[in-house]
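Student: I'd like to ask you about the structure that follows.
The values are calculated or read from the model by the stated rules, or taken from the named source; none is laboratory data. Note that the structure is a prediction, hence the values are computed from the model and not measured. Please note: Cβ atoms are built from the backbone with ideal geometry, for glycine as well, and neighbour counts cover all protein chains shown. Heavy atoms of the whole protein, side chains included, go into the accessibility calculation; ligands, DNA and RNA do not. Shrake-Rupley method; radii C 1.70, N 1.55, O 1.52, S 1.80 Å.
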Amino acid sequence: MNAPLYNKDILRLAASIPHQGRLTAPQASVEKRSPTCGSRVTADVRMRDGRVSDLGLDVKACALGQASAALMAAQAIGLNAAELAEARDRLTAYLSGESDDLDFWPGLAVLAPARGYPARHASIRLGFEAIAEAARMADA
């Protein structure tokens, strides 16, 4: 774990979150908040044929939370609720040390240095949790 926690790749992702801005008339909206640091991610989704067709985000988080939300948002369109929930669960397993696999989601390796900082995990999970839950609610 020689990589710095806040490196240029994380900062670049944090500054380039796709789908920024709330949706008008979403099918579901979910806000997730980290009790540890106060970071917050709100996800709005619309689904078509069981897959995310539109996504809107409001991200108020540290650089790690922003970077993670950016990675999730970059790939979420076109996925179904089960696929998004699986990604959320696999990220949680990685962060907790239950798995060493980061290949399930493009770009996640940039967050590997944060694994050793449990106080940052809740913020890192926010985007994955909010988008997965919003998709589940919209698809229900």
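Student: Given the conditions (1) without any contact (Cβ under 8 Å) to a residue 24 or more places away in the chain; (2) exposed (fewer than 15 other Cβ atoms within 10 Å of the Cβ), and given that Tyr94 satisfies all but one, which numbered condition is not satisfied?
Tutor: (2)
Student: Can you confirm whether Arg51 is at pLDDT 95 or above, open to solvent by 70 Å² or more (accessible area, probe 1.4 Å), under 19 Å from Asp139 (Cα atoms) and touching a helix residue (DSSP H, G or I) at 6+ places or on another chain (Cβ under 9 Å)?
Tutor: Here the answer is yes, as Arg51 does meet what is asked.
Student: Also, I was wondering about something else. Looking only at the stretch 7-26, decide whether some residue is under 27 Å from Asp139 (Cα atoms), more than 13 Å from the chain's Cα centre (by Cα) and in contact (Cβ under 8 Å) with a residue 40 or more places away in the chain.
Tutor: Looking for residues that are under 27 Å from Asp139 (Cα atoms), more than 13 Å from the chain's Cα centre (by Cα) and in contact (Cβ under 8 Å) with a residue 40 or more places away in the chain, one finds at least one in the stretch 7-26, hence yes.
Student: Take the residues in the stretch 1-34 that are surrounded by fewer than 19 Cβ atoms within 10 Å (Cβ to Cβ) and among the charged types (D, E, K, R), then tell me which one is nearest to Gly107 (Cα to Cα).
Tutor: Of everything passing the filter in the stretch 1-34, Asp9 is nearest to Gly107 (Cα to Cα).
Student: So is Ala25 small (Gly, Ala, Ser), out of contact with any helix residue (DSSP H, G or I) (no Cβ under 7 Å at 6 or more places or on another chain) and at pLDDT 95 or above or not?
Tutor: Yes: the conditions hold for Ala25.
Student: Can you pull out every residue in the stretch 78-110 that is touching a helix residue (DSSP H, G or I) at 6+ places or on another chain (Cβ under 7 Å), small (Gly, Ala, Ser) and assigned to a loop (DSSP other than H, G, I, E, B)?
Tutor: Once the filter is applied, which keeps residues that are touching a helix residue (DSSP H, G or I) at 6+ places or on another chain (Cβ under 7 Å), small (Gly, Ala, Ser) and assigned to a loop (DSSP other than H, G, I, E, B), the stretch 78-110 yields Ser99, Gly107.
Student: Go through the residues of the stretch 111-130 one by one and say whether even a single one is open to solvent by 40 Å² or more (accessible area, probe 1.4 Å), assigned to a loop (DSSP other than H, G, I, E, B) and modelled with pLDDT under 95.
Tutor: yes
Student: Starting from the stretch 69-81, take each residue that is buried (at least 19 other Cβ atoms within 10 Å of the Cβ) and list its partners that are in a loop (DSSP other than H, G, I, E, B) and aromatic (Phe, Trp, Tyr), counting only C-beta distances under 7 angstrom and pairs at least six apart or across chains.
Tutor: Within 7 Å, the pairs are Leu71/Trp105.
Student: Here's another thing I want to ask about it. Out of (1) within 11 Å of the chain's Cα centre (by Cα); (2) within 20 Å of Arg136 (Cα to Cα), the odd one out for Arg46 is which?
Tutor: (1)
Student: Residues in the stretch 35-42: is at least one more than 19 Å from Phe104 (Cα to Cα), polar (S, T, N, Q) and open to solvent by 30 Å² or more (accessible area, probe 1.4 Å)?
Tutor: Scanning the stretch 35-42 turns up at least one residue that is more than 19 Å from Phe104 (Cα to Cα), polar (S, T, N, Q) and open to solvent by 30 Å² or more (accessible area, probe 1.4 Å).
Student: For Asp54, only one of the following conditions fails: (1) part of a strand (DSSP E or B); (2) in contact (Cβ under 8 Å) with a residue 60 or more places away in the chain; (3) not polar (S, T, N, Q). What is its number?
Tutor: Exception for Asp54: condition (2).
Student: Also, quick follow-up: Suppose we filter Arg46, Arg33 for residues that are within 15 Å of Ile124 (Cα to Cα), touching a residue at least 60 places away in the same chain (Cβ under 8 Å) and in contact with a strand residue (DSSP E or B) (Cβ under 7 Å, 6 or more places away or on another chain); which single one remains?
Tutor: Numbers: Arg46 fails: within 15 Å of Ile124 (Cα to Cα).
The conditions single out Arg33.
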